[in-house]
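The values are calculated or read from the model by the stated rules, or taken from the named source; none is laboratory data. Just so it is clear, the structure is predicted and the values come from calculations on it, not from any experiment. Methodologically, a virtual Cβ is constructed for each residue, glycine included, from the backbone with ideal geometry; neighbour enumeration extends over all protein chains shown.
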Amino acid sequence: MKITTRLVLQQFLNGLLEQLQHQKTIVIDAFFEYFFTKDEIIAILKSNIGNNTDEYLNVLHLDKKVLLEKISNADVLRYYLKDWNIEIEQNSAITAIEVYKTLEQLGLYTHYLMSKAIINWDEYDFSNYRSLSRKAGKVTTVYGLYDIDVEKEDVERVESPPKRFYETHENATIAMDELISQGTFKKEDVHVLPRLVGCT
């Protein structure tokens, strides 16, 4: 999915979630009546009740119909928006588990990164893994407008990242030129830099 499509959808879905949360009654769309398994409904409920063990143990004994009456459209949307964000973060994270999953997905069971501790990786190893992650469809390169003081290697550490990203360098440059011509930025204060983001 393109980064622009994802950000637009997330914006609208977050707005819808806010509206749904203000509903006075618990409403669940009829579509979901036979859609979710009992375990999925429990997972949605668990995300709402958190670590309240007593409440969690209580829902385990209820049948599916009763469980379904305890969740709303807002609960479903909140749960899946959170799940979507977790998936994006996991796809871009470099952890031993994600390295294993990526190499396994690509059928590279004997790849040297499978057995090399991440703490011992050098720039070549990170570059190699980023290439493999792209090939596996876990990450993609997007382009943002950054303050001129931000270097390419700093884009992931910036505390206030760009409000939006673009699929191509060309689109980011066009947007930058428009903002400069409108007086939002000065030409010498901003530039386009690439960044890897998790895919969904």
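If you go through the stretch 178-200 and keep only what is free of Cβ contacts under 8 Å to residues at least 12 places away in the same chain and exposed (fewer than 13 other Cβ atoms within 10 Å of the Cβ), you end up with E178, S181, Q182, G183, T184, K186, K187. Scan the stretch 138-176 residue by residue and report those that are touching a residue at least 60 places away in the same chain (Cβ under 8 Å) and either within 25 Å of E98 (Cβ to Cβ) or not charged (D, E, K, R) (or both). Passing the criteria: K138, V139, T140, V142, F165, Y166, E167. Of the residues examined, R134 is one that is within 30 Å of A175 (Cα to Cα), part of a helix (DSSP H, G or I) and not assigned by TED's automatic domain parsing to the domain that holds L16. For the stretch 1-35, the set of residues classified as in a helix (DSSP H, G or I), free of Cβ contacts under 8 Å to residues at least 12 places away in the same chain and within 17 Å of L45 (Cβ to Cβ) is empty. I'm checking my understanding of the structure. Among residues of the stretch 137-162 that are more than 30 Å from Q105 (Cα to Cα) and of a type in the set (V, I, T), which one is surrounded by the most Cβ atoms within 10 Å (Cβ to Cβ)? Filtering the stretch 137-162 for residues that are more than 30 Å from Q105 (Cα to Cα) and of a type in the set (V, I, T), the one surrounded by the most Cβ atoms within 10 Å (Cβ to Cβ) comes out as V150.
Entry remark, the stretch 150-160: residues being closer than 19 Å to K187 by Cα and part of a loop (DSSP other than H, G, I, E, B) number 2 in total. The set of residues in the stretch 65-88 that are in a helix (DSSP H, G or I) and under 15 Å from F31 (Cα atoms) comprises K65, L68, N73, A74, D75, V76, L77.
Every residue, every condition in (1) under 24 Å from E123 (Cβ atoms); (2) acidic (D, E); (3) buried (at least 16 other Cβ atoms within 10 Å of the Cβ), yes or no:
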residue: K65; (1), (2), (3): no, no, no
residue: D75; (1), (2), (3): no, yes, yes
residue: Y79; (1), (2), (3): no, no, yes
residue: D83; (1), (2), (3): no, yes, no
residue: I88; (1), (2), (3): no, no, yes
residue: N91; (1), (2), (3): yes, no, yes
residue: I97; (1), (2), (3): yes, no, no
residue: Y109; (1), (2), (3): no, no, no
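Only one of the numbered conditions (1) assigned to a helix (DSSP H, G or I); (2) within 17 Å of the chain's Cα centre (by Cα); (3) modelled with pLDDT of 90 or more; (4) of a type outside the set (K, R) is violated by V142, and that is (1).
Based on what the data block shows, is I86 closer than 30 Å to Q23 by Cα and either without any contact (Cβ under 8 Å) to a residue 12 or more places away in the chain or not hydrophobic (A, V, I, L, M, F, W, C) (or both)? Yes, satisfied. Among the residues of the stretch 163-177, those identified as loosely packed, with under 13 Cβ neighbours inside 10 Å and either among the aromatic types (F, W, Y) or outside any helix (DSSP H, G or I) (or both) are K163, T168.
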